[in-house]
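One structure is given below, encoded as structure tokens.
The values are calculated or read from the model by the stated rules, or taken from the named source; none is laboratory data. Given the structure is predicted, the values throughout are model-derived calculations rather than measurements. A quick note on method: Cβ atoms are made from the backbone with ideal geometry, for glycine too, and the neighbour counts reach across all protein chains shown.
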Amino acid sequence: MVSQIQSPTQPEVIYPESDGQPMANNTKQFRWIFVVEQNIEAMYANDQNVFVAGDLLWYPVEGRNNIVNAPDVMVAFGRPKGDRGSYQQWNEDGIAPQVVFEILSPSNSKNEMDKKLLFYDRYGVEEYYIYNPDNNQLTGWLRGEDGLDAIESLENWVSPWLKIRFDLSGSQLQIYRPDDTRFLSYIEICQVLESERDRAELAETALRQRAELAETALEEERSRSQLLAERLREMGINPDELT
């Protein structure tokens, strides 16, 4: 009798959805992550095949949950929108995020950022940007034949994938959409919405007032017509025979 040897079952690989680290280490870093992620999300709101996320764990290799990174902002073209606990590249048609952003805080070490650059270079990122809001310094890399190459100058640089423009001429970075409108903060977005709402309410009030004036004028015209008809009848003239 030939005994059957059963191969041991492989343990299921768990891909954690959190690394236990905060999304940001200070308010300035958080604000910039929010601005970049939300404005890019808004740019592609009507494109169902652009996935944008902030602080989402990205696992590029199936079965290797120790190979992971969480870009402050990632953009993956060719992937559908939707909620994810993590970005598992083998479940995303093998597509790596093409564009990633990191926003520096004082706690980020050079060694940590060097490791991130190596990770993004190795696993297929096309564009990589690091912004330091404390000194208004922006650095970037663009994929060439041999991997990610440093971009020499980012003043008025236009992202090949996103078509956004970086302006470093002021005291802090300004980012412009392809239509040349500036990336807005959450407060500025709320102010714009409030202004639009006020304009809509004013327009609605003006329309209502015009309608009321038109109704008043119509009522006055009816009154004048009735008064004229009564006077004609007093004179023995039937106004119905005049029409």
Within 23 Å of residue 15 (Cβ to Cβ), β-branched (Val, Ile, Thr) and without any contact (Cβ under 8 Å) to a residue 40 or more places away in the chain: does that describe residue 100?
yes
Out of 81, 28, sole residue that is part of a helix (DSSP H, G or I) and under 21 Å from residue 186 (Cβ atoms)
28
What's the number of the condition residue 204 fails, among (1) modelled with pLDDT of 75 or more; (2) surrounded by 10 or more Cβ atoms within 10 Å (Cβ to Cβ); (3) more than 30 Å from residue 157 (Cβ to Cβ)?
(1)
Within the group 70, 42, which residue is surrounded by 11 or more Cβ atoms within 10 Å (Cβ to Cβ), assigned by TED's automatic domain parsing to the domain that holds residue 94 and at pLDDT below 95?
42
If we keep only residues of the stretch 34-76 that are among the small types (Gly, Ala, Ser) and not in a helix (DSSP H, G or I), then the residue nearest to the chain's Cα centre (by Cα) is 45
Which condition number in (1) among the aromatic types (Phe, Trp, Tyr); (2) at pLDDT 95 or above; (3) buried (at least 18 other Cβ atoms within 10 Å of the Cβ) is the one that residue 77 fails?
(3)
